[in-house]
2 protein chains.
Amino acid sequence: MKIKEFQKYLKKKRISSAIFFNKGLDVIEPNFYYFARSNFPFCLVIPSAKKPALFVSKMDAEAARKAVKGMRLVKVGKHFFPHLKKYAKGTKIGIDKHSLTLAMFSRLKKELKKKRFVDVSAACLELRAIKTKEEINIIKKGCRISDEILKSCFRNFRSFRTEQDVTSFLETETIKRGCELAFKPVVASGKHSSMPHHIPQDKKLGRGFCVIDFGIKYKSYCTDTTRTICIGKLSKTEIKLYNLLLNAQQNTIKSIKPGMRCSETWETCTKNLGEYKKAMIHGLGHGVGVEIHELPNLKQASKDALKEGMVFTIEPGIYFEGRFGIRIEDTILMAKKPVLLTKIPKHLLIMRER
Amino acid sequence: MKIKEFQKYLKKKRISSAIFFNKGLDVIEPNFYYFARSNFPFCLVIPSAKKPALFVSKMDAEAARKAVKGMRLVKVGKHFFPHLKKYAKGTKIGIDKHSLTLAMFSRLKKELKKKRFVDVSAACLELRAIKTKEEINIIKKGCRISDEILKSCFRNFRSFRTEQDVTSFLETETIKRGCELAFKPVVASGKHSSMPHHIPQDKKLGRGFCVIDFGIKYKSYCTDTTRTICIGKLSKTEIKLYNLLLNAQQNTIKSIKPGMRCSETWETCTKNLGEYKKAMIHGLGHGVGVEIHELPNLKQASKDALKEGMVFTIEPGIYFEGRFGIRIEDTILMAKKPVLLTKIPKHLLIMRER
């Protein structure tokens, strides 16, 4: 995506080319993937003009020739750096300091002598934060698929005995639809719900709130939804808190518009939470794209602002250690107005205890 | 694992403590995980004496308190570095240069002034290469589960129409057993079999060889197996090549013993392949553990030697671009003799064409 825009940036900054690395097929380095549209290991060089070059090993050459479009393919044997020197000309070279390891950087400095290295990671993150039409369509479709899976999960909920049963269901339904998980689903029932990143266990689902945080990758783009349902009966206070949080989430979504500061979205939400503001022990949300957490960063100390074309979550949560927690999260597109991409209902779902 | 051994190393090298980072719950930094036995973001400090300290965010504190044993837990708010300074005393600090990003290293240098940073990654890899009894038992169990899944895949093979059907089956069976994939399975049928890392497609399974490369993670430890089966009829040459490769793999396994150089295992195997040596476009194998590729490295240029307690793959493959490929891979424990951990049969399985 946006290779031309990135090349424009390189030209403006007089950077002759930028180098990205991808360690292995099962590791997705987000900036590498964003530009290369593939995750063949191991190197991508984007010059400020002309076609990017993708360096692949002998064993991946045939597959890369079939899959990769619009790039030069360089098949590399034992000796990678002589090839790299040919493609990374000029003296000012862009690197991604948030993904480049110290070991690789030392090697680069040694091999590409007399070069100056400058960080281009911030520019990549900014490009990625504003989604193209194509990306928006992919994420919309991903959110529809994720909605379907969650709906079917709630329909089948009575057949689940443990938290792991729920996770297994979500995961297998994701695979059946040719997608991948964006992250390991959180299924936190009963007292576990107070832990935002609880790892689902092979024990009977607990009574009370059950937080389900689930996201898929469709065509390599992430979605992110959380619903909190209830197993058995809740106390009046618990119901009041659920509605308070739901209200805060919905009011925050309604309030957002292009140009708004992310710190302001946080303020809006916590104001809505009143005395329970302190129970919100995490940020309000984050951009989603090829990575599950990218720009914008919706937290109190954020310097980001909302812009048209951004896709991000709004996910307030309140947690009471040792007791329970509630989180409600949607994936939102910032158009002229906010567009809800995850559309699964948010009224409190009550499941009978098994 | 082996924290005491690592601390001994630190003492010997007069390193006061080593610092490891883990970016997020869904990213497993192998050295971080190996010592911490958990993947809570985001920092682990191992001093040369006393208990290691795990730094977690407010939102993970409750979960970490329940899950983490034998470490100090440090709950970190907005300000991480003042805490780190308290724990990372002394002047010589160990870092993992193969996982530490340039951005994090710059920050460390700025915050921990007057410290000397030395790389400890090689020492970690060496410790990890020799498995403890506990690790060996976990990997053995993992291999048994992976064998079961592959057997069941072959039993059900007639119900699969596409490569993706096979992958889906392998993936869902893995999840059902409470395990994870170690990597995305390769299912490469027909002409695709010549691409070692082929990405399974939603098209009818091709005729001829079908390479299935599959590994799971059981209790965070990887397994790795490849079988090449046949769909429909093969030519006499193809059958001859299969048996040549199988023979090479089995002879190589028989030949290995503690103390043998890894480069020698490569020589043994390629000698067995005779004129087809050049068709082997990748290494002979790799260690497996918390990472799918770790030490030892069984390739021609390797300086490693086999030692008791190592667990690694032996996976020769021969590939003919545009035509077909064959790979046979097992996970092996180097005890006094080689012990085959993946026990699924290797005679050529012939499936009827659909």
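In table form, for the structure just shown:
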{"read-out": "Efficiency of FRET from Cβ geometry, residue B:132 and residue A:156, R₀ 41 Å, rounded to 0.05", "value": "0.50"}
{"read-out": "Spatial extent of the stretch B:48-103: Rg and Dmax, with the Cα atoms as the point set, Å", "value": "12.7, 33"}
{"read-out": "Rg/Rg_ref, chain B, where Rg_ref = 2.2 N^0.38 Å and atoms are Cα", "value": "1.11"}
{"read-out": "Interchain or long-range residues, amide H under 5 Å from residue A:118's placed H", "value": "A:93, A:94, A:95"}
{"read-out": "Dimensionless Rg over Rh [the stretch A:1-140; C-alpha; Kirkwood]", "value": "0.94"}
{"read-out": "Teacher prompt: residue A:151 distances to equivalent labels in other copies, 7 Å Cα→Cβ, nm", "value": "4.1"}
{"read-out": "Residue order, fewest to most surrounding Cβ atoms within 10 angstrom, among B:237, B:313", "value": "B:237, B:313"}
{"read-out": "Sparsely packed trypsin sites (Lys or Arg not before Pro) within the stretch A:24-83, loop by DSSP, other Cβ within 10 Å at most 10", "value": "A:69, A:78"}
{"read-out": "Set of lysines with alpha-carbon distance to residue A:337 below 19 Å, sequence-local pairs under 8 removed", "value": "A:131, A:133, A:140, A:254, A:257, A:307"}
{"read-out": "In order through the stretch A:22-27: 3J(HN,Hα) via Karplus (6.51 cos²θ - 1.76 cosθ + 1.60), integer Hz, x for Gly, Pro", "value": "9, 5, x, 4, 8, 10"}
{"read-out": "Gaussian network model of chain B, Cα within-10 Å springs - most flexible of B:165, B:224, B:119", "value": "B:119"}
{"read-out": "Residue and distance (whole Å) for the chain B Cβ nearest the axis that superposes B on A", "value": "B:172, 2"}
{"read-out": "Residue mean of other protein chain beta carbons inside 10 Å, A:274-281", "value": "1"}
{"read-out": "Karplus-derived 3J(HN,Hα), 6.51/-1.76/1.60, for each residue of the stretch A:144-161, Hz, glycine and proline x", "value": "5, 5, 4, 4, 3, 5, 5, 4, 5, 5, 5, 4, 8, 4, 5, 7, 8, 9"}
{"read-out": "Long-range amide H partners of residue A:199 with built H, under 5 Å", "value": "none"}
{"read-out": "Cβ neighbours within 10 Å from other chains - mean over A:315-327", "value": "1"}
{"read-out": "Taking B:71, B:351 and counting other C-beta atoms within 10 Å, the order from fewest to most", "value": "B:351, B:71"}
{"read-out": "For the protein assembly as shown, alpha-carbon Rg and Dmax in angstrom", "value": "25.9, 78"}
{"read-out": "Range in chain A, longest, excluding exposed GluC sites (Glu not before Pro) [loop by DSSP; at most 15 other beta-carbon atoms within 10 Å]", "value": "A:1-307"}
{"read-out": "Under 5 Å, built H, 5+ apart or other chain: amide partners of residue A:310", "value": "A:131, A:334"}
{"read-out": "Spin-label model distance (nm) - residue A:91 vs residue A:8, 7 Å beyond Cα toward Cβ", "value": "2.8 nm"}
{"read-out": "Integer Hz, Karplus 6.51/-1.76/1.60 couplings in order for the stretch B:198-210, x for Gly and Pro", "value": "3, 8, x, 10, 8, 10, 3, 4, x, 7, x, 5, 9"}
{"read-out": "Full-extension gain in nm, residue A:106 to residue A:66, via 0.36 nm per residue minus C-alpha separation", "value": "11.1 nm"}
{"read-out": "Most mobile listed residue (A:328, A:199, A:292) in chain A, GNM with C-alpha springs under 10 Å", "value": "A:199"}
{"read-out": "In nm, spacing of pseudo-spin labels at residue B:305 and residue A:267 (7 Å Cα→C-beta vector)", "value": "6.8 nm"}
{"read-out": "Partner chain coverage, peptide B:192-198 - average Cβ within 10 angstrom", "value": "5"}
{"read-out": "Whole-number percent relative contact order across the stretch A:133-351, with pairs defined as alpha carbons under 8 Å at least 6 apart", "value": "23 percent"}
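Laboratory data are not the source of any read-out in this text; all were calculated from the coordinates shown. In this text the structure is predicted, and so the values were computed from the model without any measurement. Glycine gets a Cβ as well: all are built from the backbone with ideal geometry, and neighbour counts include every protein chain shown.
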